[in-house]
Amino acid sequence: MSLQYRTTGKLSARIELHRYGTNPTPWHDWVRDHLPSGRRVLEVGAGTGALWPYQPDFQLVPTDSSAAMCTALRDKGFAAARCSADALPFPTGSFDGAVACHMLYHVDDPARGIAELRRVLRPGGWLVASTNGDGHMAQLWEIAARAGLPMSFPEAMNLSFRAENAVELLAAQFDDVELVRYEDELVVPTAEPVVAYLASCVDRDLTDEELSALRAEVTGDVRVSKHAVLLTARSRPGNGS
């Protein structure tokens, strides 16, 4: 497990920046609005549980590969399971739906993770997944490059599961694959949220010199374009065969 997910701090810093979005419907609200109904729903890579500010009215089974994230989920009252998305400890066909928000590109082989999600869904069960596409938050990567930061994450154009290939990858296992874009832009009036976000993208603590160089590159209002997408799909009949 990399430094990124040994604690919740770095992930929380990245989530926090999206508070500055201009879309009147916040991302997590928008995702929940797109979830079909289901009595038993799996979430892989649930992180700190940011998608759930309250207990949903169905049985949610959140999972994450990080012990720190699972602790955060349990602290919120969820019975979290620690596991990898490509090796789920659940019987075939045991969920009505599954959620995989901004996490399939963390799986070594996204196609294997997608096949595992299909396995644990009942026939006709639904999947909701999200990811980013070309140009997503490119302005921040430009700031990082000018400051000389050793970024630990690839740009959106280099993600293994991204807007440009997600439909094809999902269609290998699912039917009725649809993609919708979340229209948004960040307008950040102060430097510190941007500094905290970019510092969180490095697999170590920044030195004082690196922080000074980074702050020198963040001036005035920072406008950040986004390219985030949501995908919905249905599990094919004969699931688990």
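Quick note: the coordinates plus some simple rules give every number you see, no bench work behind them. On a predicted model such as this, the values are computed, not experimentally measured, just so you know. Ideal geometry is used to build each Cβ from the backbone, glycine not excepted, and the neighbour counts take in all protein chains shown.
Does region 154-241 classify as rounded, prolate or oblate by the C-alpha gyration tensor (a ≥ b ≥ c root eigenvalues; a/c under 1.5 gives rounded; else a/b over b/c gives prolate, otherwise oblate)? Before the final figure, lay out the partial values.
Details: a/c = 4.17, a/b = 2.35, b/c = 1.77.
Judged from the Cα gyration tensor, region 154-241 comes out prolate (a/c at least 1.5, a/b above b/c).
Say we join alpha carbon atoms closer than 10 Å with springs in a Gaussian network model of the chain; which of S225, S37, S160 then has the biggest fluctuation?
Among S225, S37, S160, the largest GNM mean-square fluctuation belongs to S37.
For the pair V180/T71, report the inter-label distance in nm, with labels modelled 7 Å from Cα in the Cβ direction.
Going from the V180 label point to the T71 one covers 3.8 nm.
Under a 5 Å amide H to amide H cut-off, with H placed in plane at 1.01 Å, what residues pair with E43 once short-range neighbours are removed?
Result for E43 returns V61, T63, V99.
Could you tell me which of S94, T131, Q173 has its Cα farthest along the dipole of the chain towards the positive end, charges placed at Cβ (Lys, Arg +1; Asp, Glu -1), taken about the Cα centre?
About the Cα centre, the residue reaching furthest to the positive side is S94.
How much length, in nm to one decimal, is gained on full extension between V167 and D134, taken as 0.36 nm per residue of separation minus their Cα-Cα distance?
Between V167 and D134, full extension yields an extra 10.4 nm.
Can you order the peptides 15-25, 115-125, 69-79 by their average number of other Cβ atoms within 10 Å per residue, highest first?
Highest-to-lowest ranking by the protection proxy: 115-125, 69-79, 15-25.
Filter the GluC sites (Glu not before Pro) in region 145-241 down to the DSSP loop ones having no more than 13 other Cβ atoms within 10 Å, then list what survives. Spell out each step's value before the answer.
Numbers: sites: E155, E164, E168, E178, E183, E185, E209, E210, E217; in loops: E155, E164, E183.
In loop regions of region 145-241 (DSSP not H, G, I, E or B), the sparsely surrounded GluC sites (Glu not before Pro) are E183.
Between the alpha-carbon centers of region 54-102 and region 122-154, tell me the distance in whole angstrom.
About 22 Å separates the Cα centre of region 54-102 from the one of region 122-154.
Would you kindly compute the Cα radius of gyration of region 64-195 and its largest Cα-Cα separation (Dmax), both in Å?
Every Cα atom of region 64-195 included, Rg and Dmax give 17.1, 50 Å.
Based on the Cα atoms of region 83-140, what semi-axes does the equivalent ellipsoid have, where each is the square root of 5 times one gyration tensor eigenvalue, given in whole Å with the largest first? Before the final figure, lay out each step's value.
Working: eigenvalues 128, 32, 13 Å².
Gyration-tensor ellipsoid for region 83-140: 25, 13, 8 Å.
As a check on your grasp of the helix formula, calculate [θ] at 222 nm for the chain: sum -39500 (n - 2.57) over DSSP H runs of n ≥ 4, divide by the residue count, round to the nearest 500.
-8500 deg cm²/dmol
I114: net charge of surrounding residues, Cβ under 14 Å, Lys/Arg +1, Asp/Glu -1, itself excluded?
Details: positive: R112, R118, R119, R162, R234, R236; negative: D86, D108, D109, E116, E168, D175.
So the surrounding residues net to 0.
Taking K and R as +1 and D and E as -1, what net charge do the other residues with C-beta under 11 Å from the C-beta of V202 add up to?
So the environment of V202 carries a net charge of -1.
For the chain, take the longest principal axis of its alpha carbons; what is the angle in degrees between that and the long axis of helix 208-217, to the nearest 10 within 0 to 90?
That works out to roughly 90 degrees.
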